[in-house]
Amino acid sequence: MATQKQPLKGHICLVTGASRGIGACIARTVAAAGASTVINYRNSELQAKILLEELQEKGYQVMAIKADVSRSQEVEFMFAAIEQEWGSVDLLVNNAGISLRRLFTETSEEEWQQVMDINLKGSFLCCRRALPAMIRNRFGRIINIASIWGLRAASCEVVYAASKGGLIALSRSLAAEMGPSGITVNAIAPGPVDTEMLDHELEESDRKSLIDEIPLGRLATPDDVASLCLFLLTESAYINGQVITLDGGWKI
């Protein structure tokens, strides 16, 4: 077991979409901080297993659960499994999401529904299932991973932006409703993050042009997002209902 400070010892943290990319980095960070950590995944079973073994080898308390967060029965199964093994989730990071780059006029109803189901409905279902225990215990921390495109115009990503805008509205309104119960709800709105997903979306020339526009001269890393998550989970009892942009000054 690592000997570093563990401010989340005794807490149970569920990270959705945690098998790779930003979610995996968040899971590593909260596990290292002492939280009993649940790695949720939908399709990436191999990556989830590799991450699980990596963290277990370090002595962290971790489990991996397959569940499609857009389906209420699977969300119920996931939470029931966590409660049976460890107890109720008091730290929830809604990270699961998919992107869609498509002209709006070429977007199908099925594509719209899929993006909304995973990016917005999934967070709704997980929040709704986690909150009763948080309310009883008068403590909880919820972080929703949104996007800068939920705040700014996003040509050719209209559906994705709409889903993230909805997630931001959900976060702010839920913060107002849950604050009296000692529960904070915040959203992180990253700009471009250096992940496999971004590599699929950008040509090298576009990537370089994008970096040139960012005052800090680099893309965000998953570690940047995970560090902010850790701060919101550990050091920020009075930060509530906020949308924190993490873009290196790109859209000042």
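Tabulated data
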| read-out | value |
| --- | --- |
| Cα→Cβ-extended label distance, 7 Å offset, between Q114 and S181, nm | 3.4 nm |
| Portion, in percent, of the accessible area of region 81-201 that falls on carbon or sulfur, probe 1.4 Å | 50 percent |
| Lysines with Cα under 19 Å of K121, excluding same-chain neighbours fewer than 8 positions away | K66, K164 |
| Protection-proxy order for peptides 145-156, 183-194, each taking the mean of Cβ atoms within 10 Å per residue, highest first | 183-194, 145-156 |
| Distance in nm between pseudo-label sites at S155 and E83 (7 Å out along the Cβ direction from Cα) | 4.9 nm |
| Pairwise label distance in nanometres, D212 with I50, each label 7 Å out on the Cα-Cβ vector | 3.4 nm |
| Cα gyration tensor shape of region 3-87, rounded if a/c is under 1.5, else prolate or oblate by comparing a/b with b/c | oblate |
| Furthest towards positive pole of dipole, L46, S163, Y60, structure part the chain, Cβ charges | Y60 |
| Accessible surface, per residue, of region 58-187 when the full set of protein chains is kept, probe 1.4 Å, Å² | 46 Å² |
| Unit charges at the beta carbon, dipole of the chain: most positive-side option, T184, G249, N94 | T184 |
| Per-residue SASA entry for D206, accessible area with 1.4 Å probe, Å² rounded to 10 | 80 Å² |
| Ordering of 44-52, 116-124, 231-239, 31-39 by packing [mean C-beta count within 10 Å, highest first] | 31-39, 116-124, 44-52, 231-239 |
| Protein accessible area in region 202-252, 1.4 Å probe - carbon and sulfur % | 52 percent |
| Cα gyration tensor category, rounded, prolate or oblate, for region 106-151 with a/c compared to 1.5 | oblate |
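The values are calculated or read from the model by the stated rules, or taken from the named source; none is laboratory data. In this text, all values refer to a predicted model and were calculated from it rather than measured experimentally. Virtual Cβ from ideal backbone geometry, glycine too; neighbours counted across all protein chains shown. Accessible surface is based on the protein model in full, side chains and every heavy atom, while ligands, DNA and RNA are left aside. Shrake-Rupley method; radii C 1.70, N 1.55, O 1.52, S 1.80 Å.
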